[in-house]
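Undergrad: Here it is, the structure in full.
The values are calculated or read from the model by the stated rules, or taken from the named source; none is laboratory data. It should be emphasised that the depicted structure is a prediction, and the values quoted were computed from it without experimental measurement. Cβ: placed from backbone, ideal geometry, glycine included. Neighbour counts: every protein chain shown. For the accessible areas, the whole protein counts, side chains as well, though only heavy atoms, and no ligand, DNA or RNA atoms are used. Shrake-Rupley method; radii C 1.70, N 1.55, O 1.52, S 1.80 Å.
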Amino acid sequence: MDSLDTLARWRTAQIAGVLVIALLALAAPLRAAEDDQIIRKEAWSFTGPFGIYDRAQLQRGFLVYQEVCASCHGMHYLHYRNLSEAGGPEFPEAAAKVVAASVEVEDGPDDQGEMYMRPGRLSDAFVSPFQNDQEARVANNGALPPDLSLMAKARPDGVNYLYSMLTGYADAPADVSMAEGMYYNTAFAGHQIAMPPPLFDDSIEYTDGTPPTIDNYAKDVTAFMMWAAEPKLEERHRVGFRVMIYLIIVAGLLYVAKRRVWSRGAH
Amino acid sequence: MAHKSNYVPQSAFEKWLDERLPVVRLMKDQFIDFPTPRNLNYWWTFGGILIFCLIAQMMTGIVLAMHYVANESMAFESIEHIMRNVNWGWLIRYTHAVGASMFFAAAYLHMFRGLYYGSYKAPREILWILGVVILLLMIATSFMGYSLPWGQMSFWAVTVITNLFSSFDSVIPGLGTRIVQWVWGGFSVGNPTLNRLFSLHYLLPFMIAGVVILHIWALHVPGNNNPTGIDVKRSSEAMPFHPYYTIKDGFALAVFAIVFAAFVFYAPNYLGHSDNYIPADPLVTPTHIVPEWYFLPFYAILRAIPSKLFGVIAMFGAIMVLFVVPWLDSSPIRSLRYRPMLKLFFWAFVVTCVALGYLGAMPPDGIYLLSARLGTFYYFAFFLVVLPVVGRIETPTQMPGSITEDIMSKERRRRAALEGGAPAGAPAAPEKR
Amino acid sequence: MANSNSTVDAVDDTGRRDFITVAAGAFAAIGLGPLVWPMLDQMNPDASALALGSVEIDLAPIDVGQAITIMWRGKPIFIRHRAEEEIQAADVTQISALPDRFARNLNLAEDAPAVDRNRAGEGHENWLVIIGICTHLGCIPRGQRVGDTKGEFGGWFCPCHGSHYDTAGRIRRGPAPRNMEVPPYKFLTDTRIKIG
């Protein structure tokens, strides 16, 4: 009796839905990276609605961070306790304690009013390599190595960008004149980056049989940075799945109920 | 209010209460029995959706304020604390951030609905004006909220937008600068600015809630408009709000919630800017300063005008012009269903708004700037020229005499279609049962 | 099509409509619980508060009769270097004289009796370590500093509502219902303890 009308309404609803999504979808692609930056798309275990982190990869990534990045870059939103928390690299707590204890943390003042150094604890934040930005600049030729806690979210298409940048070092083309102390990088905006190439084949020892190549180091440390920036991703995907199932059932039930209620009232 | 109350107090207590504070009567009359046109389509569900959005933003916002620190050296860190340490903090913050976008998406669709079906025309002018007031408050609130994480985009958005006031310098020299310093509480955007933005961001939603109550009041005096734009003439043309529209709004809300949840759980940062994950740095401006998507059309208008002062005037004018829409439209017919000429102009206007949104994110030069200028011209021309003129020159199509007649003619067409086989081009109709 | 037998349909419709409507309403209502829970749970101690670890204290500088107060998890911890007569006084007190007969020592079983050796550590009777919060309404009792009133039993005295604690931190008189708690701690060396 109301099929035509219902159809018209359905079409209206569909148009509404499409419009909402189109309006929203309009926003993001407008902010793509610079055209001449070469960004390689990699398949990551954590993308998609069911994505989760690859524990072994995060553990290897942490190793790369520790051995290479940590000498210049801090990650001060991470705490040592995070290393053994669910949804991350999930190191055994004992291992996380060892990592924490291997750094010196400033504490105090003690009874004499002096600050003192003590071994790190699980509750401590990652210790940054420099006291402040000025010290970091002095040690790095005037360039400031940024904190990496949020780096994977702080660049457009963050993970692919970081992976491309870490693997994007190349010899400068003949027509490009490089500034003093800068390195050519195909993924970096402007192609001149102050960070020397950080990764070399065989420079870090992997114990799980993963080939020790620049490509793997870059991939692993990028995944680690993604976890550092978004440590609740797995929980988000898990809760999201349940919420979506619930909402779809509720919408279905309400639709049937709405048809029932209206079928009587329409006469 | 327009209809007779059906409320009969059941118990002695209800009777006692009803004589002193008839809230139960008010709720029953206005939200259960309220006579609502029976032909409202799904575009009419956004009002309910918007109330949901406001409540969701206020609830998540109050919770976030329990953990957020409005201090320039701690704001960014406190957001990360919420994301990492607070129980469910990531969910609450992402819901709040995505919620702002969903709020605007629903509000814009609600407004286009009002424009298309002439819901701003007598006797609903005040209803429309209150809606525009709500839009202004929403803009102010979301802008202030966006500043609170104190990331790079937050900081520079505040800097750029507050500097708009300096355009008054070209009216009275020094006036703009004085205003800007007053807004900042200093000589640059800093801690006093952040604190007042937080205070006002907390205050304004309550003002929105107040105006929303007036908005609903103003709706319930004349009652809903409907897709025909023809007033309800007999009681059979209306049905009680509950259960018919509660369940319809409920279904629409559930569908809306699916889109909302998809963003929160699977693309929470899709609508944001990566630059806002960099702490504010007063010494470095991001390469591309782009406002949130829902401000992009206004941003495009601002940049389309070469003069700073007139750019600002045009941007605010783009919203101010909405206030006088009820008096710009010269036609007595509400619904664009029966106004073929204005319908074309209307869709061109929708396309223009979307296009201005796109252009607002593009660099303001070359073809983009030219397009933005054309778009700005049409945006204002639609209101100031098209609405007054088209009503005088167009020939409306045949209108049904009443809502009932409209429903009957639809029914006749449907019967004819069933008897004569499915009309060409019609999608496979799901037969009832 | 269905119009000819609408009476039959109407009966059917009503039954099914009610069931479906109730089911939809009920299912929607079920969602409220999980919706409200994050709003409430966010007020619980967060991950950083839970992770706040332990503190280590060097006892060597504290002379007999002196006391220090340190902070652990935002709470004051009283550490008193008890004199021999204070230990004696606590030791001879009969359980029957105590309003609260349980030791309230987080290192021991819940039902451990409130004898002095269950309050101060075995072999370290001269050191009393307690959470310095009155069990009545959370004020901090006096008695830590020289010159403070220590109450009638030589321990601590809460100025808020007049609770008297003895030299083992046990409630003796006044409105407080329980003995002051002993936090989890252990001796690392003879003069060094770790709380938490």
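Undergrad: How would you order C:95-103, C:159-167, B:92-100 from highest to lowest mean count of nearby Cβ atoms within 10 Å? Walk me through the numbers before you get to the answer.
TA: Details: C:95-103: 14.9, C:159-167: 20.2, B:92-100: 22.8.
Listed from highest to lowest mean packing, they are B:92-100, C:159-167, C:95-103.
Undergrad: Beyond 19 Å, what share of the Cα-Cα pairs of segment C:50-195 is found? Please give it as a whole percent.
TA: 47 percent
Undergrad: Using modelled backbone amide H atoms (1.01 Å from N, in-plane), which distant-in-sequence or interchain residues come within less than 5 Å of C:Arg192's amide H?
TA: C:Leu59
Undergrad: While we're looking at this one, here's another question. What is the magnitude of the charge dipole of segment C:50-195 about its Cα centre, with +1 placed on the Cβ of each Lys and Arg, -1 on the Cβ of each Asp and Glu, and no other charges, expressed in debye to the nearest 20?
TA: Values: 18 positive and 18 negative charges, 104 e Å.
Here the size comes out at about 500 debye.
Undergrad: Can I ask one more? Quick one: what does P(r) look like for chain A with 10 Å bins over all Cα pairs, in whole %?
TA: The percentages, shortest bin first, are 6, 21, 27, 19, 12, 8, 5, 2, 0.
Undergrad: Another question, then. In nanometres, what is the gap between the two model label sites at C:Leu50 and C:Arg117, each 7 Å from Cα along Cα-to-Cβ?
TA: According to this spin-label approximation, the distance is 3.8 nm.
Undergrad: Still on this structure, I have one more. Determine ³J(HN,Hα), in whole Hz, for all residues of segment B:21-34 in sequence, where each value follows from phi through the Karplus function 6.51 cos²θ - 1.76 cosθ + 1.60 and θ = phi - 60°; x replaces Gly and Pro.
TA: Karplus values, whole Hz, x for Gly and Pro: 9, x, 5, 5, 4, 4, 4, 5, 5, 8, 10, 10, 7, 3.
Undergrad: Another question, if that's okay. Mind putting together the pair-distance distribution for segment B:223-367? All Cα pairs, 5 Å bins, whole percent per bin, short to long.
TA: The distribution over segment B:223-367 is 2, 7, 9, 12, 13, 15, 15, 11, 7, 5, 3, 1, 0, 0, given as percents.
Undergrad: Continuing with the same structure: How many nm separate the modelled label positions at A:Ala172 and C:Asp58, each set 7 Å beyond the Cα in the direction of the Cβ?
TA: Here the answer is 5.5 nm between the modelled labels.
Undergrad: If you add up the charges near C:Ala67, with Lys and Arg at +1 and Asp and Glu at -1, over every other residue whose beta carbon is less than 12 angstrom from its beta carbon, what do you get?
TA: Details: positive: C:Arg80, C:Arg82, C:Arg142, C:Arg145, C:Lys150; negative: C:Asp63, C:Glu86, C:Asp148.
Neighbour charge sum, excluding C:Ala67 itself: +2.
Undergrad: Put +1 on the Cβ of each Lys and Arg and -1 on the Cβ of each Asp and Glu in the protein assembly as shown; which of C:Gln88, B:Val221, B:Ile403 then has its Cα farthest toward the positive end of the dipole?
TA: Most positive-ward Cα: B:Ile403.
Undergrad: I've got another one for you. Once you list every other residue whose beta carbon is under 15 Å from the beta carbon of B:Val180, what net charge do they have if Lys and Arg are +1 and Asp and Glu are -1? List each step's numbers first, then the result.
TA: Working: positive: B:Arg178, B:Arg196, B:Lys308; negative: B:Asp169.
Summing Lys and Arg as +1 and Asp and Glu as -1 gives +2.
Undergrad: Sticking with this one: Could you give the angle, 0 to 90 degrees to the nearest 10, between helix B:403-419's Cα long axis and the longest principal axis of the Cα atoms of chain B?
TA: In chain B, helix B:403-419 runs at an angle near 80 degrees to the longest axis.
Undergrad: Taking 0.36 nm per intervening residue step and subtracting the Cα-Cα distance, what contour gain separates A:Asp36 from A:Asp208 on full extension? Before the final figure, lay out the partial values.
TA: On the way: separation 172, 0.36 × 172 = 61.92 nm, distance 3.69 nm.
Computed gain between A:Asp36 and A:Asp208 is 58.2 nm.
Undergrad: Shifting gears a bit: What ³J(HN,Hα) values, in whole Hz, does the Karplus curve 6.51 cos²θ - 1.76 cosθ + 1.60 give for segment B:340-352 when θ = phi - 60°, with x put for Gly and Pro?
TA: For segment B:340-352, the Karplus-derived couplings read x, 6, 5, 4, 4, 4, 4, 5, 4, 5, 4, 4, 4 Hz, x marking Gly and Pro.
Undergrad: Regarding segment B:1-50, what is the average projected area of its C-alpha convex hull, in nm²? Each step should come with its number before you reach the end.
TA: Numbers: hull surface 18.6 nm².
Result: a mean projected hull area of 4.6 nm².
Undergrad: To the nearest 500 deg cm²/dmol, what mean residue ellipticity at 222 nm is calculated for chain C from DSSP H runs of n ≥ 4 alone, each contributing -39,500 (n - 2.57), summed and divided by the residues? Could the numbers behind the result be given before it?
TA: Numbers: 4 runs with 49 residues, N = 196.
For chain C, the value works out to -8000 deg cm²/dmol.
Undergrad: Could I ask something else about it? For B:Thr177 and B:Met408, calculate 0.36 nm times their separation in residues minus their Cα-Cα distance, and state this gained length in nm to one decimal.
TA: On the way: separation 231, 0.36 × 231 = 83.16 nm, distance 6.40 nm.
Here the segment from B:Thr177 to B:Met408 would lengthen by 76.8 nm.
Undergrad: Are there GluC sites (Glu not before Pro) in segment A:163-267 that DSSP puts in a loop and that have at most 12 other Cβ atoms within 10 Å, and which ones? Can you show the working numbers first?
TA: Values: sites: A:Glu180, A:Glu205, A:Glu234, A:Glu235; in loops: A:Glu180, A:Glu205.
Filter output for segment A:163-267: A:Glu180, A:Glu205.
Undergrad: Other chains near B:73-84: what is the mean number of their Cβ atoms within 10 Å of each residue's Cβ? Mind dumping the intermediate values first?
TA: Details: counts 0, 0, 0, 2, 2, 0, 0, 5, 4, 2, 6, 13.
Going residue by residue through B:73-84 and averaging, the value is 3.
Undergrad: Among B:Tyr116, C:Ile77, B:Gln181, whose Cα lies farthest out toward the positive end of the dipole of the protein assembly as shown, if unit charges sit on the beta carbon of Lys, Arg (+1) and Asp, Glu (-1)?
TA: Positive-most Cα among the choices belongs to B:Tyr116.
Undergrad: Return the distance in nm (one decimal) between the two label points of a simple spin-label model at C:Glu152 and C:Leu106, each offset 7 Å from Cα along Cα→Cβ.
TA: In this crude spin-label approximation the distance works out to 3.1 nm.
Undergrad: Can you work out the accessible area per residue across segment C:50-195, with the rest of the protein chains kept in place, probe 1.4 Å, in square angstrom?
TA: On the way: 7210 Å² over 146 residues.
Result: 49 Å² per residue.
Undergrad: To the nearest whole number, what is the average tally of beta carbon atoms from other chains within 10 Å of the beta carbons of peptide B:31-44? All intermediate terms of the calculation are to be shown ahead of the outcome.
TA: Working: counts 0, 0, 0, 0, 0, 0, 0, 3, 1, 1, 7, 10, 5, 1.
Across the residues of B:31-44, the mean count of other-chain Cβ atoms within 10 Å is 2.
Undergrad: Follow-up. Note the per residue figure in Å³ for the convex hull of the C-alpha positions in segment B:290-393. Intermediate values should be presented prior to the final figure.
TA: Details: hull volume 10.5 nm³, N = 104.
In segment B:290-393, the Cα convex hull volume per residue is 101 Å³.
Undergrad: Can you list the HN-Hα couplings for segment A:204-221, worked out from phi with the Karplus curve (6.51, -1.76, 1.60; θ = phi - 60°), rounded to whole Hz and with x for Gly and Pro?
TA: 10, 8, 8, 9, 9, x, 5, x, x, 10, 3, 4, 5, 4, 4, 4, 5, 6
Undergrad: Moving on to the next point. Over the Cα atoms of the protein assembly as shown, what Rg and Dmax result, in angstrom?
TA: Rg then Dmax for the protein assembly as shown, in Å: 34.3, 110.
Undergrad: Something else now. How high is the FRET efficiency from B:Trp217 to B:Asn191, r the C-beta distance, R0 30 Å, rounded to 0.05? Provide the component values of the computation, followed by the final result.
TA: Values: r = 40 Å, r/R0 = 1.35.
For B:Trp217 and B:Asn191, the calculated efficiency is 0.15.
Undergrad: Further, regarding this structure: For B:Thr36, which sequence-distant residues (separation of 5 or more, or a different chain) have an amide H within less than 5 Å of its own amide H, given hydrogens modelled in the peptide plane?
TA: For B:Thr36, the qualifying residues are B:Met239, B:Phe241.
Undergrad: While we're looking at this one, here's another question. Counting only helical runs of four or more DSSP H residues, what would the 222 nm mean residue ellipticity of chain B come to if each run contributes -39,500 (n - 2.57) and the total is spread over all its residues? Mind dumping the intermediate values first?
TA: On the way: 17 runs with 258 residues, N = 433.
Computed mean residue ellipticity for chain B: -19500 deg cm²/dmol.
Undergrad: Moving on to the next point. Can you list, by residue number, the Cys in the protein assembly as shown that have no neighbouring cysteine C-beta under 4.7 Å?
TA: A:Cys69, A:Cys72, B:Cys53, B:Cys353
Undergrad: Please give the average number of partner chain Cβ atoms lying within 10 Å of the Cβ of each residue in B:237-248, rounded to a whole number. All intermediate terms of the calculation are to be shown ahead of the outcome.
TA: On the way: counts 0, 0, 4, 1, 0, 1, 10, 6, 2, 3, 11, 7.
Taking the mean over all residues of the peptide, I get 4.
Undergrad: Continuing with this model, one more query. Where the accessible area of the protein assembly as shown is counted over protein heavy atoms with a 1.4 Å probe, how much of it, in %, is carbon and sulfur?
TA: Here carbon and sulfur together make up 63 percent of the probe-accessible area.
Undergrad: Also, quick follow-up: Given +1 on the Cβ of Lys and Arg, -1 on the Cβ of Asp and Glu, and no further charges, what dipole in debye does chain A carry about its Cα centre, rounded to the nearest 20?
TA: The calculated dipole for chain A is roughly 2300 debye.
Undergrad: Once R0 is set to 35 Å, what does the formula 1/(1 + (r/R0)^6) return for the Cβ-Cβ distance between B:His242 and B:Glu19, expressed as a FRET efficiency to the nearest 0.05? Spell out each step's value before the answer.
TA: Numbers: r = 25 Å, r/R0 = 0.70.
Efficiency at R0 = 35 Å is approximately 0.90.
Undergrad: Just how large is the dipole of segment B:230-303 about the Cα centre, in debye to the nearest 20, putting +1 at every Lys and Arg Cβ and -1 at every Asp and Glu Cβ? Numbers along the way, then the final one.
TA: On the way: 4 positive and 6 negative charges, 62 e Å.
Using Cβ point charges on Lys, Arg, Asp and Glu, segment B:230-303 gives about 300 debye.
Undergrad: How much mean residue ellipticity at 222 nm does chain A get from its helices, if each DSSP H run of length 4 or more adds -39500 (n - 2.57) and you divide by all residues, to the nearest 500 deg cm²/dmol? Walk me through the numbers before you get to the answer.
TA: On the way: 7 runs with 112 residues, N = 267.
It lands at -14000 deg cm²/dmol.
Undergrad: Sticking with this one: Can you give me the long-range amide H partners of C:Ala112? Hydrogens built in the peptide plane at 1.01 Å from N, cutoff under 5 Å, separation of 5 or more residues or another chain.
TA: Sorted by chain and number, the residues that satisfy this are C:Ala103.
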